[in-house]
Amino acid sequence: KFKGWDVGMLFKGLLAKTKHERVEIRAHIKSLRHKHLELVYRERMEYYIDRKLSWQQPDHTLCIIIDFMTETSTSPVLTKRENHIGISPLKTAMCGVLIHGPEGFWAYTVNGLKGGHITCEVLHRTLLKLAKIRKVWPRNFVLQLDNTSGDNKNHTVKAYLSWLTATGVFEKVTERFLPVGHTHEDIDAYFGILRRHIWTKGETIWTIDQLHEVVHECFHSPRWQQKLKENLAE
């Protein structure tokens, strides 16, 4: 019944509906909500610890977070004005990969495809590139994903991660999900800056090649790199 619900919002709704109930009932709801928020905090801190280890001990831990940007924000034609020319947008999803290390943020565009095999393909290509440019290879791998069953929480992704350990790529692989409603993380700062860059640029993006150019321009511009550092610091 509660599949896909934000538990935090559920407790908030219960408190609103029990405004005139007994003090004991409201105290019980508040205690359950407090336990839920403690769980979210502990899981988030585990991610932050692994993120720090990925920077400080690259031979021990590699931490990566993968998320998809909203499809309407990356599907050409992209323009400030409403589209009246009768051209249907190209369904283009952008998958962001934030590597906690000197490699930083990488982006992949995916046309009209969804599912666990897309997550595995993006991750596999990322690991192949890292294997070419990294001088040391970590023993442990931590993968932070969005809490969706269609793209991440499925047998395809779990089988691929098991294959990474079975073939000796990593000694240990950890897959993590934050609770529903609490999945916004540091990678969303990159998505927010890209949206703002596309909006302030004010030029119509007609093709996927033009979209790639805008993404490259966004994350290599000194102005937006400074803005990104400010957002991440917050």
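The values are calculated or read from the model by the stated rules, or taken from the named source; none is laboratory data. Only a predicted model underlies this, so the values are computations on that prediction, with no experimental measurement involved. Glycine gets a Cβ as well: all are built from the backbone with ideal geometry, and neighbour counts include every protein chain shown. Just the protein is used for accessible areas: all its heavy atoms, side chains included, with ligands, DNA and RNA removed. Shrake-Rupley method; radii C 1.70, N 1.55, O 1.52, S 1.80 Å.
Annotations
- For segment 63-76, the criterion of being over 25 Å from THR156 (Cα atoms), open to solvent by less than 10 Å² (accessible area, probe 1.4 Å) and either acidic (Asp, Glu) or in a helix (DSSP H, G or I) (or both) is satisfied by no residue at all.
- HIS197 fulfils the conditions (1) touching a Cys at 6+ places or on another chain (Cβ under 6 Å); (2) within 19 Å of ILE99 (Cβ to Cβ) except for a single criterion, (2).
- Qualifying residue in segment 18-40 (condition: in contact (Cβ under 8 Å) with a residue 24 or more places away in the chain, surrounded by 13 or more Cβ atoms within 10 Å (Cβ to Cβ), within 30 Å of HIS197 (Cβ to Cβ) and within 21 Å of the chain's Cα centre (by Cα)): no
- When ASP59 is tested against (1) in a loop (DSSP other than H, G, I, E, B); (2) among the acidic types (Asp, Glu); (3) buried (at least 16 other Cβ atoms within 10 Å of the Cβ), only condition (3) is not met.
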